[in-house]
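The values are calculated or read from the model by the stated rules, or taken from the named source; none is laboratory data. Remember, it's a predicted structure, so these values are computed and weren't measured experimentally. As a convention, Cβ positions derive from the backbone with ideal geometry for all residues, glycine included, and neighbour counts pool all protein chains shown. Please note that ligands, DNA and RNA were not included when accessible areas were found on the heavy atoms of the full protein model with its side chains. Shrake-Rupley method; radii C 1.70, N 1.55, O 1.52, S 1.80 Å.
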Amino acid sequence: MALESSSMIDDEWLEADGLGGFASGTVSSVRTRRYHALLLTASRPPAGRIVLVNGFDASIETANGNYALSSQLYPADVMHPDGTKRIIEFEREPWPKWIFALEDGTKIEQQIFAVNGASLVALSWHLLKPGTKAVLTVTPFLSGRDYHSMHHENSAFEFPAEINGQRLVWHPYSGIPGIIALHNGEYRHQPDWYRNFVYAQERERGLDFTEDLAAPGKIRMELSTGEGILIFAAEGFDNGALAQGRTAESLIADLRAKEHKRRASFATPLDRSADAYLVKRGNGKTIVAGYPWFTDWGRDTFISLRGLCLATGRLEDARDILLEWSQVVSEGMLPNLFPDQSDRPEYNSVDASLWYIVAVHDFFTATQTHGGMVFQWQKKSLQKAVDAILAGYSQGTRYGIHMDHDGLLAAGVPGGQLTWMDAKVGDCVVTPRIGKPVEVEALWLNALWIGSQFNDAWQEPLARGLDGFRRRFWNTDRNYLYDVIDADHQPGKLDPTFRPNQIFAVGGLPFQIIDGERANQIVDAVERRLLTPLGLRSLAPEEPGYVPHYQGGVHERDGAYHQGAVWPWLIGPFVEAWLRVRDGSENAKSEARSRFLPPLLEHVNHAGLGHVSEIADAESPYTPRGCPFQAWSLAELLRLERVVLADSKNLASAHRCPVP
């Protein structure tokens, strides 16, 4: 990968461990986020995340001098040491690799990889021309803090290490996992504090941005006789890999072989990237919404499952995820969030449960189309969850969610944010959308249609709801759909704000609610006013409150989150709608592949490398923003590429809801 100085600091790599933990950083090696770390452990997978090893300084001594292989940012934007300038090459496959060129002609390769199923990260360095005299010195930086927090110098930090040959264990604080380090060098205990690391991304986001880290000592490794190895693991979470008696050389050889084989089993780099989001929860699996700061959110999990699992052929994983979540239906609702520091789920979303039903339907369709093992008891369990959701919603549940007399779903209470547009600034909900939001109704009608396939009780509400939707949502003055009707639960109050949510009446869901000329008008208007190379704007530029750039402090950014910011995950529903109004012809698919896929595939090479960002600015150059590794963004690219734009012979036909 050719390197440009401007992108080295912005482009980020990710190594996920399958438990919710990860290692991440920038190509430049400069940590720009509080979340950039070598060993970030999910102590209650996939939550309870703790940063154990934040990073390191490294330098190499040859016969001609001492050269840095790392860089840190300090106050006044002082960069020290100067290792970044020696990076001449970076590769992200099969895991991050750097080549450093020293001024005396020496070249060194550095590798970092995480191991799936364990909280463990392996680092290695080797000379590209063996035999040269070279000694590597590595200074690890430790903390032991919550991953959302910052660490500062304090007297409680425990520096002493348990030393057993080349195996070290630190216990920085009680109540958190110990830090195991296995190396093939010499450790010198030299405790110190490194103060005032500056994290540029945190500063840009208007958050606290300086941190102090503990440096317990230095590890020196001779590279002239072989590679230098340093393996970190969280005590109790290493899956037995760092058992007593293992040498660093033998362990890293086994880990490399295992990871090479596992990663080679994926068909493409995008498949490997998709795997990063599938993680352990309890005895089953779930989907992390995004790295570095999200855990598993209900809405995100069910939207993402269609691309990350079904489009990639991982039907067993999809089944396990859906079964795991089926156990937590409560009053018709599924959790939208499992908080980091609590096992008590938060039921605060109107659409997560509906997306679950859509995911169940698409899973059953995929098993019929491509084959897959689903036992009868599993099918019954999933159908039971679908019925429980529909019953809970139709009878009424939390937050005023209930089926109204017109067959549509009413939802929302003052101060709450139940839809995917859920930003809140202090006590102010930016997009409350109380009443009957258009995409929630499209989801509700899809859910009723799906439920009616095995329970006739849902046929009458479906017919009533379809009639109500088609009569009441069309804005005859502007020829598109209202964003919310019966707004604030006031009958007849309409919100005509032009947002992308109406696209779900035509595409993005199994069953098309609006067709014919009205569908064409919706798609044309969305394309004209909202489409960008990376997805759809969340608000049309002509609307009051439109914000073209996602910048500033917390309040400014949250205020812009759904007021213009581009969301890549919406490109899938849009292109599906665009194709449906063109009857899904092969010519239309060919045009769509050439128009809509290239910008997204190019974006994969920037920002979160190998992935798709959460959001982007609403205006050119559409700078990526938000979470750099977002599950549903990548998922919709995969679904678009492999399902929506697949050859017709490989694509299950879309359904249109019948006219009641």
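Which of the numbered conditions does S59 fail, given that it passes all the others? Conditions: (1) crowded, with 20+ Cβ neighbours inside 10 Å; (2) farther than 16 Å from A114 by Cα; (3) of a type in the set (S, T, Y).
The number of the failed condition is (1).
For the stretch 239-248, enumerate the residues that are modelled with pLDDT of 90 or more and either on the phi > 0 side of the Ramachandran plot or buried (at least 21 other Cβ atoms within 10 Å of the Cβ) (or both).
Matches in the stretch 239-248: A248 only.
For (1) open to solvent by less than 10 Å² (accessible area, probe 1.4 Å); (2) under 25 Å from F22 (Cα atoms), each residue gets a yes or a no:
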| position | (1), (2) |
| --- | --- |
| Q72 | yes, yes |
| P75 | no, no |
| T84 | no, yes |
| V115 | yes, yes |
| P130 | no, no |
| M150 | no, yes |
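Got a number for residues in the stretch 438-475 being under 14 Å from T497 (Cα atoms) and open to solvent by 10 Å² or more (accessible area, probe 1.4 Å)?
Qualifying residue count for the region: 1.
Could you list, in sequence order, all residues of the stretch 560-604 that are in contact (Cβ under 8 Å) with a residue 40 or more places away in the chain and of a type in the set (S, T, N, Q)?
If the condition is that a residue be in contact (Cβ under 8 Å) with a residue 40 or more places away in the chain and of a type in the set (S, T, N, Q), then Q563 is the only one that fits.
Residues of the stretch 214-252 being among the aliphatic types (A, V, I, L, M), within 26 Å of G20 (Cβ to Cβ) and assigned to a loop (DSSP other than H, G, I, E, B), which ones?
A241, L242, A243
Considering only the stretch 373-398, state which residues are farther than 14 Å from L354 by Cβ, part of a helix (DSSP H, G or I) and either open to solvent by less than 20 Å² (accessible area, probe 1.4 Å) or not small (G, A, S) (or both).
Selection gives Q376, W377, Q378, K379, K380, L382, Q383, K384, Q395, R398.
With the structure loaded, tell me whether E227 is over 17 Å from I163 (Cβ atoms) and surrounded by 13 or more Cβ atoms within 10 Å (Cβ to Cβ) or whether it fails that test.
Taking the combined requirement at face value, the residue satisfies it.
Could you tell me which numbered condition G131 fails, if it satisfies all but one of (1) within 30 Å of H549 (Cα to Cα); (2) modelled with pLDDT under 95?
(1)
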